[in-house]
Structures are given as structure tokens and as C-alpha cells.
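Some notes on the structure that comes next.
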Protein chains: 2
Amino acid sequence: MKLYDYAPSGNGYKVRLLLAHLGLPYERIEVDSNAGETRTPAFLEMNANAKIPTVVLDDGTVLPESNAILYYFAEGTPYLPDKRIDRAQALRWMFFEQYSHEPYIAVLRNWLHHPDSITPEQQARVPDLPRRGAHALEVMERQLAAEPYFAAGRYTIADIALYAYTHVAGEGGFDLKKYPAILAWIGRVEAQPGHVPLDRV
Amino acid sequence: MKLYDYAPSGNGYKVRLLLAHLGLPYERIEVDSNAGETRTPAFLEMNANAKIPTVVLDDGTVLPESNAILYYFAEGTPYLPDKRIDRAQALRWMFFEQYSHEPYIAVLRNWLHHPDSITPEQQARVPDLPRRGAHALEVMERQLAAEPYFAAGRYTIADIALYAYTHVAGEGGFDLKKYPAILAWIGRVEAQPGHVPLDRV
């Protein structure tokens, strides 16, 4: 299978990390979304939403959306919980990640890495992002002060989804030292067998 | 079980619509998120992320996030696809809904309903939302010009998730007449057995 990916992307990294845990081989194709490479006619023909990661399975099936890709590869493995309520809780945290976490924590990191590409509309949002991102980290801190992981009491795709941008939140100006339970959880995630860092592509 | 809900919310409506299809009884508790009622100490104790819908199961388990709630109740019913790849595609569209659709189409509708509550930061974003919302509708139109539904060739929770805010996109200033495949799909969704409208709470 093929993984359309962008090396600095935490969303792409989620997929790389799960595939490393599972030992599944794939062909990685680098697509610089900051340089417009997801908006070519060929890419839009594959994924009209113009986003990486996008997976193409061996039968040609196209599957975009990082967290849907995680779910697909985790089914039938220990990385998806066995119990119905635990599967729902894993997804609950993955939807939290995409709605209440990534738009602030990942976006601020990306803009700080590429300050020249920020539009005036985006510039107007910058002052609000640290507060909203800190709220997401506080919600995580509360969960992780009570439980070692996000769902089922063990490491699952919910942890992979949230680890991807949380562990590099400092690159967006967030101070993780304020969140001791998150820091301890980051250590548990990085101790999992088969862990690979974000920058190993 | 209890459903913490807000009548005008499309996210709350998703859950009401699936529970109506399934004929599952519940106690609905109205929480006006626009009036700050999700930020009381009692609500935050239940869901630190301060959002409706939030479900409390009979055993006290708390499950937030509209699309995770849909997944939970759909498991084992025809509303979740049977095949692994189709389940992943349903989730792919549900993550699309939360990341690329709701933040523009639902947010613009909410702001137009409550213009007095918009902050200056939000006001700065208003000019960008129509373009981004229209892009989401174009991605949907492309899918629905080729397929009758979003996953598995039939009505699933992916359709429920996307129908909730799409069918009232006009209230946010979007002109659905530009999207004939979406309009035809709205008709198919509304013809499903057990369908209930957004305003019947």
C-alpha cells in the first residue's frame, strides 16, 4: 500500500507510528502540503479534500483522514479496544483531538514553522489559539491524572492520535512542564514496543 | 440513559436522530451552551470539555462527542457498516465532518443566530468561513454525484453526521441549490424510516 504523507505532519506521523507498531510495510510518498502539493489535479482526483495523510490500499481503495486510517489498521489488533464502550471512548478522544486540540496546538506549531505563509485571516486568529490549546491540554491532564491512558486502561489508537501533536506542543509555544500527568503519559507512550519518533520517515 | 442536549444544536440532533431510528428511550436534559450552561462546575465535572451532546449511560458512564456517541449506539445495527473498510470510510466522513465541515457550516449558522455573542477574534474569521464551508459542500457533492450515500452504499451514521448541519446550511448563508447531488441525498435521508426533524425535541 501507499501512504501519501508529509514528514513534519503529526497527522501523517500517527499513521507511521501505528504501522511501525504493527510491522506493516508501505511505500511512503512525500507531499508538501505547505507548498500546495495536495492541490494538484492528480492529488485532488484521489482526495478532493486535499489533505495528507491519505492511504491507497493494494486494491486501489483510497482512505483519507488520519484517525479513520488508525481505526482501519487497528481493527483486530490490541491497538483498538475489545469492548464496545471502550472503542467508543477511544473514538471520543480521537474526535476531541480533531475538533478541540489539533486546530489550536497543531495549527500554531505549523504557523510558527512557516510564519511567511500566514494569511491576514489566520493572523487574526493567532491571539486566541494559545488559550484554546491550553484548554485542550487541561482536559487531557485531568484524564491522565486519573487514568494511565485515554481508553481501556491501555495504549490504544486514542493515545497515538493525541500523542502526535501533544509531544511537540512546545514547538507551538505551549509549556508542557505545566502538565505533569501529560509528561508522564508521554514517557509511557515512548516506552511502547516499536515506538518511532516523528522525524524518522 | 440521559442525553445532555441543546435543541438548536446539529451535534445534539445527530444523537436524537439515531436514537429515533433505533427506538431507544432516553431522558433529554436541555443545556444552553450559548448561555454558558456547559461551563457550570457540575457540567465540567461530567465533561471537562464543556460540550453537548454528552450521554450518561445507565451505569453512570459518561460519553461525550456526537460522532463517538453515534458509533456507540450504531454498533451491531444496520447504521454501522458490516465490512471493515466500510466502517473506516464511515469514520473517514465523520472526521471530515468535524474537521472540515462543522467548524465552517455549523459555526456560521450559530453566529448568524447569535450575532451579539461574536467576539472580535470570531468576527475576524467570518469572511473566511463561506469559502471553507463551500469547499466542504463541494467535496460532499463530488461523493454524492458518484454514490447514493457516504459509506457502504447505504444510509449509515456517516450520513446522519453530515446531514445534521448540511440540511440547515442555508441558515448560515450557503445556497444548497448549487449542489443538486446533496439536495437529492437530503431527500433520501429524510425518507428513511423513523426520520425526525431537527426541531422536534
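The values are calculated or read from the model by the stated rules, or taken from the named source; none is laboratory data. If you're wondering where the values come from, they're calculated on a predicted model, not measured in any experiment. Backbone-built Cβ (ideal geometry, glycine too); neighbour counts: all protein chains shown. Ligands, DNA and RNA are excluded from the accessible area calculation, which covers all protein heavy atoms including side chains. Shrake-Rupley method; radii C 1.70, N 1.55, O 1.52, S 1.80 Å.
Summary table
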{"item": "The stretch B:133-172: projected area of the alpha-carbon convex hull, averaged over directions, in nm²", "result": "2.8 nm²"}
{"item": "Distances in nm from A:PRO127 to the matching label points in the other copies, shortest first (labels 7 Å along Cα to Cβ)", "result": "1.7"}
{"item": "Among B:HIS114, B:HIS135, B:HIS167, residue whose mean-square fluctuation peaks in a GNM of chain B (springs only between Cα atoms under 10 Å)", "result": "B:HIS114"}
{"item": "Amide H contacts of B:ARG28 (H built 1.01 Å from N, under 5 Å, at least 5 apart or other chain)", "result": "B:LEU3"}
{"item": "In sequence order, calculated HN-Hα J values of the stretch B:19-32 (Karplus, 6.51, -1.76, 1.60; Hz; x Gly/Pro)", "result": "5, 5, 4, 7, x, 8, x, 7, 9, 9, 10, 6, 9, 7"}
{"item": "Interface area, A with B, accessible, probe 1.4 Å, both sides summed, Å² nearest 100", "result": "3900 Å²"}
{"item": "Distance cut-off 20 Å, percentage of C-alpha pairs in the stretch A:17-127 lying past it", "result": "55 percent"}
{"item": "Label 7 Å beyond Cα on the Cβ vector: A:THR61 copy-to-copy distances, nm", "result": "2.7"}
{"item": "The protein assembly as shown, helix-only ellipticity at 222 nm - DSSP H runs n ≥ 4, -39,500 (n - 2.57), divided by all residues, nearest 500", "result": "-14500 deg cm²/dmol"}
{"item": "Two-decimal ratio, the stretch B:60-201, of alpha-carbon radius of gyration to 2.2 N^0.38 Å", "result": "1.08"}
{"item": "Cβ-vector label at 7 Å, A:ASP32, separations to other copies in nm", "result": "5.2"}
{"item": "Nearest beta-carbon to the B/A symmetry axis - residue in chain B, distance in Å", "result": "B:ALA124, 2"}
{"item": "Mean separation of Cα contacts under 8 Å (6+ apart) over length of chain A, as relative contact order %", "result": "25 percent"}
{"item": "Candidate aspartates and glutamates - alpha carbon under 19 Å from B:LYS83, same-chain residues fewer than 8 apart omitted", "result": "A:ASP58, A:ASP59, A:GLU65, A:GLU75, A:ASP82, B:GLU75, B:GLU147, B:ASP159"}
{"item": "Extended-chain gain in nm, criterion 0.36 nm per residue less alpha-carbon gap, B:THR61 and B:ALA35", "result": "6.8 nm"}
{"item": "Listed residues B:GLY170, B:GLY133, B:GLY60, most fluctuating in chain B (Gaussian network, C-alpha, under 10 Å)", "result": "B:GLY60"}
{"item": "The protein assembly as shown - percent of accessible surface contributed by carbon and sulfur, probe 1.4 Å", "result": "52 percent"}
{"item": "Cα-based radius of gyration of the protein assembly as shown once divided by 2.2 N^0.38 Å, which approximates compact folds", "result": "0.93"}
{"item": "In Hz, Karplus ³J(HN,Hα) per residue of the stretch A:36-51 (6.51, -1.76, 1.60; θ = phi - 60°; x = Gly, Pro)", "result": "x, 6, 8, 10, 6, x, 5, 5, 5, 4, 7, 9, 4, 7, 6, 9"}
{"item": "Solvent-accessible area per residue, Å², over chain A with all protein chains present [probe radius 1.4 Å]", "result": "40 Å²"}
{"item": "Loop-resident sites, the stretch B:1-92, for trypsin sites (Lys or Arg not before Pro), counting at most 15 other Cβ within 10 Å (DSSP)", "result": "B:ARG39, B:LYS83"}
